[in-house]
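One structure is given below, encoded as structure tokens.
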Amino acid sequence: MSATSAIATAVDTALKTWSVLHTSFLPPEEVAAALAAIGQRVDVHAQAWGGYPQAERCRLAIAPAALPLEEQRPPLALVRISGNFLFDPATYTDFEAALEAMGIAAGNYGDILLLGERGAQVIINPECREVLTQNLQQVRTVPVTAAPVPWEELAVPPPQTKQITTVEASLRLDAVASAGFGLSRSKMSEWISSGMVRVNWQVVQQPRHSLNVQDLITIRGKGRLLIKDIQTTKKNRYRIQMERLR
């Protein structure tokens with residue numbers, strides 16, 4: 001079943017049963033699309049929650065418009081995966097592969113928060129917590145343990161915003177994103193080509209992709225960059241105002 005069909009089914013079920021329905025975890029582009037579609041209706045509403053305000057992968061709570069959602073966030077659990085990754089660093093993909101090797105599908109886990117050489121934290125469907133904590137033994141070549149942790153230990157700093165202004169010769173993604181995230185243009189081009197960069201939640205793999213006002217650039221683990229204003233200078237360059245959320 002496609003994501004669109006699954007959301008439509010969830011909406012229909014919520015209306016028929018007159019109850020709050022919780023979806024599985026969705027990637028950010030599907031969360032945005034679902035909230036936009038539901039926002040156009042008057043008979044139903046929804047909210048997304050992934051454990052913290054800037055979470056990318058979220059579950060949706062969907063309910064008839066007459067039912068309040070303020071206290072109906074989808075249930076989540078937080079698990080820490082601990083190991084010594086000093087000599088064998090693990091990436092998001094490595095932790096995802098370990099989860100899915102245990103039968104925990106993508107719809108059952110949210111963001112993975114890397115802790116450097118110490119491991120990671122995983123936001124997960126509570127129904128899968130026991131499977132993870134009792135059975136996960138290794139990520140890459142590193143022996144690990146998994147244990148529930150309280151939400152007070154969530155390894156996410158409070159969101160911070162930074163206003164950035166840059167002048168560029170073009171509106172190319174690699175040029176603007178390198179200025180906004182403080183990385184070299186060559187490194188940014190490498191990340192774009194490898195599929196690490198999203199524009200408006202869609203993966204863009206062309207460094208020359210042209211940006212517009214209100215475009216949102218996201219890089220997993222690096223934050224978000226919003227294009228707030230673009231003006232042309234007297235020398236036909238572009239003065240770009242951006243807001244970075246970390």
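Every read-out reported here was derived from the displayed coordinates using simple, explicitly stated rules and does not represent laboratory data. Computed from a prediction, not measured in an experiment: that's the story for all the values here. Please note: Cβ atoms are built from the backbone with ideal geometry, for glycine as well, and neighbour counts cover all protein chains shown.
In the chain, the calculated helix contribution to ellipticity at 222 nm averages -7500 deg cm²/dmol per residue, counting -39,500 (n - 2.57) for every DSSP H run with n ≥ 4. Database remark: amide H of HIS45 closer than 5 angstrom to the amide H of ALA63, ALA65 (H placed geometrically; neighbours at sequence offset of 5 or more, or on other chains; Pro and chain starts carry no H).
Remark: region 66-77, residue by residue, has Karplus-estimated 3J(HN,Hα) of 6, 9, x, 10, 4, 10, 10, 4, x, x, 9, 10 Hz, where x stands for each Gly or Pro and the curve is 6.51 cos²θ - 1.76 cosθ + 1.60 at θ = phi - 60°.
By the rule of a C-alpha distance below 25 Å, with chain neighbours fewer than 8 residues away ignored, the lysines paired with LYS187 are LYS162, LYS222, LYS228. Taking a quarter of the surface of the convex hull around the Cα atoms of the chain, what do you get in nm²? So the Cα hull casts an average projection of 15.2 nm². Less than 5 angstrom separates the built amide H of TRP201 from those of THR218, all sequence-distant by 5 or more or on a different chain.
The distance linking region 62-83 with region 96-153 is 18 Å (Cα centroid to Cα centroid, whole angstrom).
Overall dimensions of region 77-153, expressed as equivalent-ellipsoid semi-axes from the Cα gyration tensor (√(5λ), whole Å, largest first), are 18, 14, 11.
Quick query: amide H of ALA105 versus all other amide H atoms, modeled in the peptide plane; which residues come in under 5 Å with a sequence gap of 5 or more or a different chain? For ALA105, no residues qualify. Each residue of region 151-166 was assigned a 3J(HN,Hα) from its phi angle through the Karplus expression (A = 6.51, B = -1.76, C = 1.60, θ = phi - 60°), giving 5, 4, 9, 4, 8, 10, x, x, x, 10, 10, 9, 8, 10, 10, 9 Hz with x at Gly and Pro.
The GLU168 and TRP18 beta-carbon pair, evaluated with R₀ = 51 Å, returns a calculated FRET efficiency of approximately 0.45.
How high is the relative contact order of the chain, in percent, with contacts defined as C-alpha pairs under 8 Å that are six or more residues apart? Could you put the intermediate results ahead of the total?
Numbers: 466 pairs, mean separation 35.2, N = 246.
Computed over the chain, the figure is 14 percent.
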